[in-house]
1. Step by step: first the residues of the range B:245-287, then only those that are outside any helix (DSSP H, G or I), farther than 23 Å from B:Glu119 by Cα and facing another protein chain (nearest Cβ under 10 Å), then the one that is modelled with the highest pLDDT. Which residue is that?
2. Among (1) in a loop (DSSP other than H, G, I, E, B); (2) more than 14 Å from chain B (Cβ to nearest Cβ); (3) at pLDDT below 85, which single condition is A:Leu352 missing?
3. Does B:Ala294 meet the test of being under 21 Å from B:Ala243 (Cα atoms) and among the aliphatic types (A, V, I, L, M)?
4. Only one of these conditions is not met by A:Val153: (1) in a strand (DSSP E or B); (2) surrounded by fewer than 18 Cβ atoms within 10 Å (Cβ to Cβ). Which number is it?
5. Give all pairs with beta carbons closer than 6 Å in which a residue from the range A:128-152 that is assigned by TED's automatic domain parsing to the domain that holds A:Gly57 meets a residue that is surrounded by 15 or more Cβ atoms within 10 Å (Cβ to Cβ) and in a helix (DSSP H, G or I); count only pairs at least 6 apart in sequence or on separate chains.
6. Of the conditions (1) over 29 Å from the mean Cα position of the chain (by Cα); (2) farther than 30 Å from A:Val217 by Cα; (3) open to solvent by less than 40 Å² (accessible area, probe 1.4 Å), B:Val330 satisfies every one except a single condition; which number is it?
7. Checking A:Val191 against (1) crowded, with 23+ Cβ neighbours inside 10 Å; (2) under 15 Å from A:Pro315 (Cβ atoms), which single condition isn't satisfied?
8. Using the structure shown, decide if A:Ser186 is at pLDDT 90 or above, open to solvent by less than 10 Å² (accessible area, probe 1.4 Å) and either of a type outside the set (Ser, Thr, Tyr) or part of a loop (DSSP other than H, G, I, E, B) (or both).
Protein chains: 2
Amino acid sequence: MGRLTGGDPSLLRRINSAVVLHALRGSDSPTLTDLTRITGLSRPTVEGVLEGLVTSGLVMETGPDEGEARRQGRPARRFRFRAEAGHLLGVEIGPHRIAALLSGLDGRIIGAGSREVSETACADDRLERARTLVADVLRRTGVARSSLRAVGVGTPGIVEADGTVRLGTALPGWTGLALGERLRRSFRCPVLVENDANAAAVAEHWKGAGTDSDDIVFVLAGLSPGAGSLIGGRLHRGYGGAAGEIGALHLLGREATPETLLSTTGEPLPPLDEPAVAKVFAEAREGDERALAAVDRFIQRLVHDVAALVLALDPELVVVGGWAAGLDGVLAPLRDELSRYCLRPPRVALSLLGEAAVATGALRLALDHVEEQLFAVEGTVTARR
Amino acid sequence: MGRLTGGDPSLLRRINSAVVLHALRGSDSPTLTDLTRITGLSRPTVEGVLEGLVTSGLVMETGPDEGEARRQGRPARRFRFRAEAGHLLGVEIGPHRIAALLSGLDGRIIGAGSREVSETACADDRLERARTLVADVLRRTGVARSSLRAVGVGTPGIVEADGTVRLGTALPGWTGLALGERLRRSFRCPVLVENDANAAAVAEHWKGAGTDSDDIVFVLAGLSPGAGSLIGGRLHRGYGGAAGEIGALHLLGREATPETLLSTTGEPLPPLDEPAVAKVFAEAREGDERALAAVDRFIQRLVHDVAALVLALDPELVVVGGWAAGLDGVLAPLRDELSRYCLRPPRVALSLLGEAAVATGALRLALDHVEEQLFAVEGTVTARR
């Protein structure tokens, strides 16, 4: 049971540091006076906290603004948060593509890159490709590897808390891979591994189609479908990290994989063959009847999977992403069917982040980790039960 | 943004009161010295807090224990929490039955009662029956209505935050009923209305099959099936209170209601006719082939519904309750099928509370409400984003 009454001075210092940092990030080069006003702290307290933050490199004193420089007398001291004091990486490791985003401590993206990768690449090759990509992004932006404070990684599969892939059938050699541990060898900072759909859900909430809702289901449509959900703004991973793994739903009386549903020949498409899928969607747009029927079958399945998630979770918003192509036609039937099946149908929107969703979410998770260290202070007092 | 640094004295008093109350509830007539040791507060602070709590009626001074009474000198003052300072009601309003549980502020049950009710009774009659039952329980236990601090109610349907039933097809006149408002006329305390499966989930977590898990799905099997879930020990209601309303899942490509599945004649059973269901289960136990096939169809459907919930939420534990009869045969096939469909199958258990689950959960929700007022103190300090 936490208590406030012990008067722990180091806790108070941490609280005050967090409060001042928060105020610094929310304002443009505030003065000492601004900071005392915003935080409600005394001037000596703010001064003491700032001294520590400057020493740590997180804050710097800036010059007086132009008006002040011209005026007589000693100008007020101004301070700013140093977003450049550390950096974060968000990495997607997918079946066909590896992507990386680099940001400062404010989350603003300052570098990006991506590489194609074969869906048959072994785990070692895939990891090597990810390392090369990251090295390239760091080199191009001139950011030292030692400046990285956290790395987030989004990838298909059920991921354990320690970053081990418990089950990942979409990528060769992925099941059982100690992905977090392997990547930690390349970085001296924490590496956080997350399921790709979970990462995408976080991303759409941060800067995509879900910024105005805290109760979101993100559906990653594709040949290896999955879903991620936020409940009250927090990622719901499930007890064993497997929440939203709707890939198995087709077993529930509907023995139909996307590869079978989207076939126009009677034979399933080759596994994970996205170009073959794009071809079917393109043919459907041109009015080909077999392709239209195939796309319709696929959408029906997607609708069923989404309906099951919506009935279980009752989100405010469903965001559909994954395949760049072919999703335009999904929204109308999805809305229709959800309003038939659901007692309170959620809003439905397409992903705004598209291909960038997984890496963006991975970056946000890295940022969350660092912000938790920088800003969050445990001060909860509960005395229930 | 909450802050600790403003030095709000009334907040500190509330925190200290909560801490002392918590310590009092957790120990057997502690002395002042015990309380300072348990809470870490100073003796004058504890004395001040106790004075306020005694005035409010929540705490009383007790006599010295036997050993002390015999010893020389002034015996230590002892205190105890007065569970009898207020009372709570948990009420189930169901299709066939109304039940009520009465407890003191410690949640210990001191009175109970139930009444049969026809599934065709109109809302006014059903409410009148509930009122009569409550009056009877209060009279029999000698508890004054004015002593009630909160009333929890569990009932089928989607329930809004204000206690209005948005949709409740199982009971005549239930959809649109301002149930909370109607019941508040009979009580001068808060009335909290909750979906029955949600209430049952809370109950199994409190004192049923789920006391050792915080991530639970409770499946209310029956002719009007539903589910409730706890995530991290908290009830997940969903954005619109409709989470777990799996009754619509049979529409997903399986146009099969329990009444149809459990029929042995080709004609569906009468709606909500529980005795007819019990007969089918009884015939199945006697080896009747048509009944066995009917029960098997029903179990298959239940398995599918549960699998969809499990894939969406990934709970640690699934508790199955609802029908008292006929559920024994459910566990084995449920475990088999879940291990086929789910990447990490949850544990599966039968409800331990049976018929009492909904009223027990309603009581716990009332208790939560009161404890929140008595014990919880907002002291969270966060300075994120």
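1. Of everything passing the filter in the range B:245-287, B:Leu252 is modelled with the highest pLDDT.
2. Unmet condition: (3).
3. On the way: under 21 Å from B:Ala243 (Cα atoms): no; among the aliphatic types (A, V, I, L, M): yes.
When the stated conditions are applied, B:Ala294 does not pass them.
4. Going through the list (1) in a strand (DSSP E or B); (2) surrounded by fewer than 18 Cβ atoms within 10 Å (Cβ to Cβ), A:Val153 breaks only (2).
5. none
6. Failed condition: (1).
7. Condition (2) is where A:Val191 drops out.
8. Values: at pLDDT 90 or above: yes; open to solvent by less than 10 Å² (accessible area, probe 1.4 Å): no; either of a type outside the set (Ser, Thr, Tyr) or part of a loop (DSSP other than H, G, I, E, B) (or both): yes.
The answer is no for A:Ser186.
The values are calculated or read from the model by the stated rules, or taken from the named source; none is laboratory data. These figures come from a predicted structure and were not determined experimentally. For neighbour counting, all protein chains shown are included, and Cβ atoms are generated from backbone atoms with ideal geometry for every residue, glycine included. To get the accessible areas, we keep the full protein, side chains included, count just its heavy atoms, and leave off ligands, DNA and RNA. Shrake-Rupley method; radii C 1.70, N 1.55, O 1.52, S 1.80 Å.
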